[in-house]
Structure formats: C-alpha cells, structure tokens
Ligand code: SF4
Ligand code: SF4
C-alpha cells in the first residue's frame, strides 16, 4: 500500500485482511488536517436524544451547532412534534465575553412557558465550558423554579468524538428514570434500545413482537416521550439494537434495575429471524417460540422469492461500506452476503475494538478495513478494489457518484425503513435502483 | 415596521448559519484551493454535510480537530500538523484557514501561526489566507463577505493599470455565475470574477476524478485586481468594512459600481448600464431581446402576480434583489426577513413601497418563529428550503431560492439573474401562485357560495384543511 499522498499518522487505522497481523487501530482522536468524516460529541448526543418527541431540545451555544441539526433526521413520532424544532441560545460575542448563563436562564423560562414541556434537555457545545458557564447549576435552579425535569447534556464537542456523545446521552437518559431499583417487572415485556424510528422502523418491530406475544414497554429513543421513558424500569428484558450508542445504558440498567439485556439486529433477513428467535427464547413461555416460527414463515415466504430475483441480478458485484458505527457495518456485511454481493472495503467513524474483530472475522481476504477514513482514502480504495456500490452518509454520496459508483443512504435522514423483513426487501430494492440504473451506461 | 427578534432570548428555528460556513464558499471559488477550519472536528463535518447536500458535490474541508488538550494548551500544534497533512494529500496552491467559536474563544492567533508555519516549512510559494470567522460573530452571510474581503486584502498588490474589470459577487448559484459570465462576454469585457465556483461546485461528470476540481478564480488575477479599470460588486446591502469593492477603491483607487444582484428589470438594467459605461459597447440586440421577453412575460402574468403576497427571507443581498422583482410585478411583500443582525434592507426598500397598501414587516436577526408570526396574510414564500416550515405550519407554498436547499435537487442550478434568469424565477413564482389557486378554488367556492340543502356543516366539509399539511405542535 504505497501512496505518496498517504498521511503517515493514518497507517495504523488502515489494514487489509490477510496481509497484516495487527487489528486496525480505532477509538483514537482524528488526525488534524486529514478531512475526517466524523462528527462531534454534541452530534452524538443529539442523535440519540432528539427522537424524544415531547422534550424541548435547547442547544446552549452559538447558532451554527443548532442550525445544522434542525429537523434533518427522519425519526417519526406518533405523538408530539415538539422535537422537530431547533432551539438555541444563539450566543453572541457579548455572551462569550460576559458569560451565557443569563441568556440560558431566560431562554429556558421562555420556552417552558411557551411550550409547557415536562422535559427539557440543555446541550452544551464547545465554547460553553471554555467561557465557564455552569450548566449543571443553571439547570438545577431552573428545575426547581419550573418543577419539571431540566437535564444538562455534557456534550462539549471537542471532548472526544461521537461515541462520547452517546455516553453523555445515556447519562441524561438515566436521569429520567427513577434512580432506585429493582422495580417490579412485568411479564412478557421488553424495552427496545437503539432504534430511532427512522421511517417508522420501531413500529415495524413493535408489530412483530406483538404478534409473537411480547409487549414493548419503552423505546430508546425513537417515538418515545418523557412518560414512556420513565416507566422503562418495569420491563423484563432490554433488547438492544445499536450497541454503539446504547451498550452503556443497557449495562447501567442491568446494574440498577437488574434488567438483563440481549443484543439484536433487525437489519436483514437472517439477523431479523435470529433476533426474534432469541427474544422469544428469553422468556419461559413456550408459546412464544411457536408464534415466532409462524411469523417468520409467513413473512419470509413471499420475501424469499422477491430477494431471489435480485440475487441473480447482483451476482459478482462488490460493495464498499463506510458508516457511523460498528453495529450497522456488521449487519451490512451480512445483508450484502444475503444479496450475493461481496464486501471489499469496510470502515466506520466510531467503531470499537470488538466491532472490528467481528468485521475482520466476517469479510473475505483482501478486504480493506479502515477506521475514521477520509475522502482521499475512500476514493483510493473504492477505485483500487473495484467497488460497484458504496453505503454511506450524505457527505460520501457525491464522491461515490463522481467515481461512477452506486450509492445507498444509510443515514438518519432516510425516508424508507430498512428494518425487519419489509426492510430487507426495501434494502434490496434500493440496491437494485442504484446499481442497475440505466444512467451508468452513459457515464 | 422594523422588528428585531432580540426581545426573545431563545432562537427558535434559525434563519441563518454561522460565519465559517459562509467563509468556505469563496475559497471553493479559488483555483486549486483548500480550506482548513481551526476548531473541533464537528463544526467542519456539519458544514461539509450542509454544503454537500445543496451542491451535490464532494466538499472536502479539513479541520484541525482540536481536542481537550488543544483547547487547554492552545491549538498551534494541531493547526500546523493539519496544514502539513492537507498539503500532502491535496497539494493546493492556496489554503484558507478559518477560525471557529472555539478557536476565537481560546484566543488563537492564526495570522501569526500561519505565517510562522510558512516560514518554518520554507514554503515560499504557498499561500495561506487566514480569516477570522467566530461562529458567534455574525451569520454565514457575514462570513462569506469576511472571507472575500480578506482574500482581496491579503492577495491584492499594487499593479499597473490593465483593461480587466473586477466582478465581485455575493452567494449566488453556480448557474447564476455562468449567466453573469455570459453577459460579460456579450459586452466584450475581459474580467476577473471573484469568487468563481461556477465549475468547482457544479462540475461536469468527467473521469478521472480530481480531489481539487478544475476552475476557480486564478490567484494571479486576484493579485492584479488593484490595476483593474473598475469594480462591479453586487453588494448593495454590505457594510463598508466588509466590502472588498470599497477596499479596492480606497486603497488602490479602483472605481466602484456597487450594485444590487441583477434580478428584475431595473436591477439588470443597472448592471448593463454599468457595463456599457465601462466598456463603451452598446447592449447587443440579443440581450435587448431577452429584456423584451422579460417584459412580455411580466405583462402576460401580471394579474396572477398581483394576487401574490410574499414572504422573502434569507441572505440580505438576495432578499433585496428578490424584493425588487416582487415589487416590479405586484407580488408585494408582507414580510422581509434576514438572519443578519444589521442590514440596510429597511432603509433601502422603504422608499420603494409607496404603492404597497399593506404594512410591510422587516425582520432582522430573524428566526422562523418570528417570520411565521408576521406571515399570516402571505400566500407565497421565497427563500432557502428551511422555509418549508412556513408551508408545514401555515400552508404557504415555497419557491426555493438561495442557500441551502436540502429537500430538492438542483439548488446549484437555479438560475435567477439577468433578464433570462429573472424571467425563469418570475415564472416559477407565478406558477406557484397558480398551482395554489387551482388546488383550492373548487373547495373555496363551494365553501363560500354553495347554499344547497345538502350542504355539509362546515366542520365536516371534505378537505377543509386544504391549505396544506398542518402539524400542530
Ligand atoms: S457556531 Fe461556532 S461552534 Fe457552532 S458550528 Fe459554527 S463555528 Fe462551530
Ligand atoms: S462547536 Fe463543538 S459542539 Fe458545536 S458543532 Fe462544533 S464541534 Fe460540535
């Protein structure tokens, strides 16, 4: 891998399976000037908490941080639409000099009296700590004054990356639930963690579980509300999809409320079926397993035929993957395999050691694995490995298209579900619509 | 009336972005250039995402990726390392270094660090243009001008007089820039247009892919701007301290034509008059035909347009020009709003409102909650895609114009300048009004006039919420 343009400090973060012994380095700070695709702590916290529908999400900081996150996510709500607003203290030069606490206090007062929420999140951004605002104290005083929950989210952008933001979000979520356990837990109930209800994905999974005989108690955090989150400790089991954002919360809930947790994935046929089976097996009710098999049989009957048609069309195609977290990356390898597509490059912004170990296990020899990649690297390896399709986010899309590579949006702003059996078909359809479009004949 | 929303503390649904975001754009319009944002990683990622979505082009912008250490002990090391890596991968001829809220708050002196960097590395041929753009210092519009102004003041050097014309543009679309260039060519003028992102941010699909796209204003041309015969700048709403045209006039005596963006008949006339004066070339017949066609379109559509009551929002310079077009065509504004804190919009437009018989609200430092509150009587909105909020809440249809446009394709291709562009924008406005009317008039007429025995009680009328989807908070 000789590249005169490569950045030396990036060497440890890139490897080719079968060629190097060392696992790819991850969880490190981004290299300055490397044009990292990563976002910040605030972004991580915001992604996780924003789907809480009836909360006021107030960003304490200058306007940019709030402006760039206004209603760009596709989480759906069955209730309040309050979360779709972008509230900011819009700090000005004078606030930076004299401190922004006063403006924060009056902003909270204003928003609480206007929207009457039961829950307010106050996100800190990079400069808040630097100018010395005491978020904790302001929120505490405001809680007393308004007699509602006002929770500071410690999400200063520079103190780590997106993962640190997930952690900050989990800490904030823990503050919503009663801080003592264990609580009396109800029969066949689960909390569903790590799904943000993009394009209604939670509703799909809820329906499957209902048909099996399992009730979803609280969801984290898609289509959730203050009240539903509060009663989360009453569930018998936590099922967790996006582990990157939720593993810490699941662990803490086990410690505090003695709720065990189970990793699941509803991306792709295989994972969806396997996850439903293992959820059913977690309860002592034997009827659950019967109903699960029946459900899988009905759902897959038609789908398999649909997918088979696609498999033939996709034969010999190669995929590159660059997504946010490890969970998604791993699921995608399996999903592409279901579709007869080989993964030749895979990477994430914030994957963990254990995620990369699994990826390494799953991919074929010769696959490039890389952490915190930049556009130059994505370009190089997509071209070198002959990728026909890239999975990524908005920033990566134009690059793929310029290279004549098909593209799948696996981002929070998509408008179609990719979860469950229906999602598996949607995914195949999307792959088809981009990989087999006639436009590629002309470029 | 001139409203400033600052009587509220919280901004609700902003109508602006931050300074460094605006400052990226001019650098994307320089030949062989790159940008590095000095601050933490998140800011640059957000801005790249925003721009990539609008332009549908790869937007490579580096960050010095400040972490906790850099924040406490200073970010000099990060900045220098960032520049090293950027040079290695992109080998640009010029680098814009922009600050962020964080860099400014911890007191980073980027002028010193960058000039020291070039010396240390012995990079005598490389150029770095440091621009101070604290996110809290103004909106993206001020950031844009701050960058253009600094590029000029940093690079321009006393040059013997030459025959070129300087053309300095605000944030308009790549398609608009191409149209301006076409007009300049028709007027037989040789020019330096700054910043020229007409190709860099709207590139043809050609292989192989290049990390730094072709095109952009040449550095040597910028250096020679002081020798130009004149400057034409579309910066009527600009404060002088942010105006590159005023800088060139004051420092080097380059005569300045500070004009509005040529949208609408009068504004385009002003542009062509200036070009005629400068070049001594008469406006060619082809352009006169375009003007005639625009007039023809205005007459054809005048009755439809006269029913329009508009909300015009976004960057002040564009808002001003669009207001002119609307005033010429009877799509009288109800609300005129910009995210900038200070702009002379009210002073500039007030004298032109004599024929408007309803009050016009001017909002500075606007957010969408304020805009909505003053737009109850409007039936058309014109501005960036965040204005869909007005559609969702109040059923006001939106003509998408400006930056950013997130929820439709082709933001980079919207043409609205010159006689031809004005006509296209006007048609879009007219057609939006027509579509709205056609969508609702059967129902409206039934509701208003039908008194038959079988008339349904009002509450149960079918489609009584016809004014668009509404989502209550
Ligand atoms: S407002 Fe400041 S901190 Fe926020 S994105 Fe802009 S530069 Fe960064
Ligand atoms: S200022 Fe900090 S919190 Fe805001 S976008 Fe930038 S990195 Fe994120």
For chain A, the spread of Cα positions along each principal axis, largest first, Å: 64, 61, 41
Most fluctuating of A:353, A:234, A:20 in the GNM of chain A (C-alpha, under 10 Å) is A:20
Check: C-alpha center the range A:364-443 vs C-alpha center the range A:183-216, spacing in Å is 30 Å
Quick one: check the C-alpha center-to-center distance for the range B:319-383 versus the range A:294-363, whole angstrom. 51 Å
When DSSP beta bridges are limited to those with both residues in the protein assembly as shown, what percentage is antiparallel, rounded to the nearest 5? 10 percent
Partner shielding of A:87-94, taken as the mean number of other chain Cβ atoms within 10 Å, equals 6
So for each of A:255-262, A:101-108 I average, over its residues, the number of other beta carbons within 10 Å; can you give me the resulting order with the highest mean first? A:101-108, A:255-262
Given the C-alpha atoms of the protein assembly as shown, compute the convex hull and give its volume per residue in Å³. 185 Å³
Can you tell me which of A:269, A:249, A:307 moves the most in a GNM of chain A? Springs connect C-alpha atoms under 10 Å apart. A:307
Which whole number gives the average count of other chain Cβ atoms within 10 Å of the Cβ atoms across peptide A:40-52? 2
At 7 Å along Cα-to-Cβ for each site, give me the label-to-label distance between residue B:250 and residue A:81 in nm. 4.8 nm
Which angle between 0 and 90 degrees, to the nearest 10, do you get for helix B:140-155 versus the longest principal axis of chain B when only C-alpha atoms count? 30 degrees
Output the Kirkwood hydrodynamic radius of the range B:124-181, Cα pairs only, in Å rounded to one decimal. 13.9 Å
Could you calculate the contour length gain from residue B:285 to residue B:438, that is, 0.36 nm times the residue separation minus the distance between their Cα atoms, to one decimal place in nm? 51.3 nm
At R0 = 35 Å, FRET efficiency that the Cβ-Cβ distance of residue B:120 and residue B:218 yields, to 0.05: 0.80
Partner shielding of A:376-383, as the mean number of partner chain Cβ atoms within 10 Å, equals 2
Note to self, chain B gives a 222 nm [θ] from helices alone (DSSP H runs n ≥ 4, -39500 (n - 2.57) apiece, / all residues, nearest 500) of -13500 deg cm²/dmol
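Output the antiparallel fraction of DSSP beta bridges having both residues in chain A, as a percent to the nearest 5.
10 percent
Kirkwood Rh and Cα-based Rg: tell me the resulting Rg over Rh for the range A:12-64, rounded to two decimals.
Here Rg/Rh amounts to 1.17.
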Gyration tensor on Cα atoms of the range A:62-175, a ≥ b ≥ c root eigenvalues, a/c under 1.5 rounded, else prolate if a/b beats b/c, else oblate, says rounded
If the chain between residue A:432 and residue A:143 were fully stretched, how many nm would it gain, using 0.36 nm times the residue separation less the Cα-Cα distance? 98.9 nm
Can you classify the range B:15-155 as rounded, prolate or oblate using the Cα gyration tensor, where a ≥ b ≥ c are the square roots of its eigenvalues, rounded means a/c under 1.5, and otherwise it's prolate if a/b beats b/c and oblate if not? rounded
Projected label distance in nm at residue B:93 and residue B:376, using a 7 Å step from Cα toward the beta-carbon: 5.7 nm
Could the peptides A:187-193, A:172-178 be put in order, highest first, of the mean number of other beta-carbon atoms found within 10 Å of their residues? A:187-193, A:172-178
Between residue B:111 and residue B:299, what is the label-to-label distance in nm when each label sits 7 Å out along the Cα-to-Cβ direction? 5.8 nm
Go ahead and estimate [θ] at 222 nm for chain A from helices alone: -39,500 (n - 2.57) per DSSP H run with n ≥ 4, summed, over the residue count, rounded to 500. -13500 deg cm²/dmol
Within 10 Å of each residue's Cβ, count the other Cβ atoms and sort B:306, A:87 from fewest upward. B:306, A:87
Volume per residue, Å³, of the convex hull around the alpha-carbon atoms of the range A:189-297? 91 Å³
For a paramagnetic label modelled at 7 Å from the Cα of residue A:8 toward its Cβ, which residues of the range A:25-63 fall within the zone defined by backbone nitrogen distances under 19 Å? A:25, A:29-35
Let me check against my output: what whole-number percent is the relative contact order of the range B:15-155, with C-alpha pairs under 8 Å and at least 6 apart? 38 percent
Where does helix B:41-55 land angle-wise versus the long Cα axis of chain B, in degrees 0 to 90, nearest 10? 50 degrees
I'd like to compare B:37-44, A:316-323: which one has the highest average count of other Cβ atoms within 10 Å, and what's the full order after that? B:37-44, A:316-323
Please work out the FRET efficiency for the pair residue A:174 and residue A:313, using the Cβ-Cβ distance as r and a Förster radius of 41 Å; give the result to the nearest 0.05. 0.30
Of the convex hull enclosing the alpha-carbon atoms of the range A:313-412, the direction-averaged projected area in nm² is 5.8 nm²
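Remind me, relative contact order of chain A in percent, using alpha carbon pairs under 8 angstrom and six or more residues apart?
Taking the mean separation of contacting Cα pairs over the length of chain A, I get 18 percent.
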Rounded FRET efficiency, nearest 0.05, which uses the C-beta distance separating residue A:289 from residue A:94 and R0 of 60 Å: 0.40
P(r) tail fraction, chain B - alpha-carbon pairs more than 30 Å apart, %: 48 percent
Once a ≥ b ≥ c are taken as the square roots of the eigenvalues of the Cα gyration tensor of the range A:253-327, is the result rounded (a/c under 1.5), prolate (a/b larger than b/c) or oblate (a/b not larger than b/c)? oblate
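Each value in this text was obtained by applying a stated rule to the coordinates, not by laboratory testing. Bear in mind that the values here come from a model prediction, so they are computed numbers and not experimental data. Cβ: placed from backbone, ideal geometry, glycine included. Neighbour counts: every protein chain shown.
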